[in-house]
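Reviewing the structure listed below.
The values are calculated or read from the model by the stated rules, or taken from the named source; none is laboratory data. Quantities reported herein were computed from a predicted structural model and do not represent experimental measurements. Backbone-built Cβ (ideal geometry, glycine too); neighbour counts: all protein chains shown. Note: accessible area is taken over every heavy atom of the protein model, side chains too, but ligands, DNA and RNA are not part of it. Shrake-Rupley method; radii C 1.70, N 1.55, O 1.52, S 1.80 Å.
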Amino acid sequence: MPEQDDSKREAPISYRPPKELRAEFQQRVLASGLSTSAFITKSVFGRDPPRRSRRPSVEHEAVAQILAGLAQVRDELHAIAIHLGEGAADDRALIEEAVRPLTEIRALCFKALGRKP
């Protein structure tokens, strides 16, 4: 019979917020983008977690959803521009003018995420 290693992991420290604060606690953890353990460590000791969070913060998720919506609107405007391709140049110019702010908003979203467009 092989020898067993007596070095066991330490018992975890458990935290149960009061019922009236539970929803706020969960909301703060989600908004931070950290795991619950990393959030508590940062809150109590003021230290950053030892490694980066694996899940994006709520703000990053919202920006990603905005990017997806912008891409869909741009694709639809592009389809309209192709359909109007046989039409007047004024119509195409209007579509291109409508796409320009979308491109700028897209670039700002990528910048907010720390990425390049």
Would you please give the residues with an amide H less than 5 Å from that of Leu113, counting only those at least 5 places away or on a separate chain, with H modeled from the backbone geometry?
none
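Which of the chymotrypsin sites (Phe, Trp or Tyr not before Pro) found in the stretch 9-44 are in a DSSP loop and have at most 11 neighbouring Cβ atoms, other than their own, within 10 Å? Could you put the intermediate results ahead of the total?
Working: sites: Tyr15, Phe25, Phe39; in loops: Tyr15.
Counting only loop positions with at most 11 other Cβ atoms within 10 Å, the chymotrypsin sites (Phe, Trp or Tyr not before Pro) in the stretch 9-44 are Tyr15.
Could you order Arg22, Arg115, Arg16, Arg9 so the one with the most accessible surface comes first? Probe is 1.4 Å.
Details: Arg22 105, Arg115 140, Arg16 190, Arg9 225 Å².
I get Arg9, Arg16, Arg115, Arg22, largest accessible area first.
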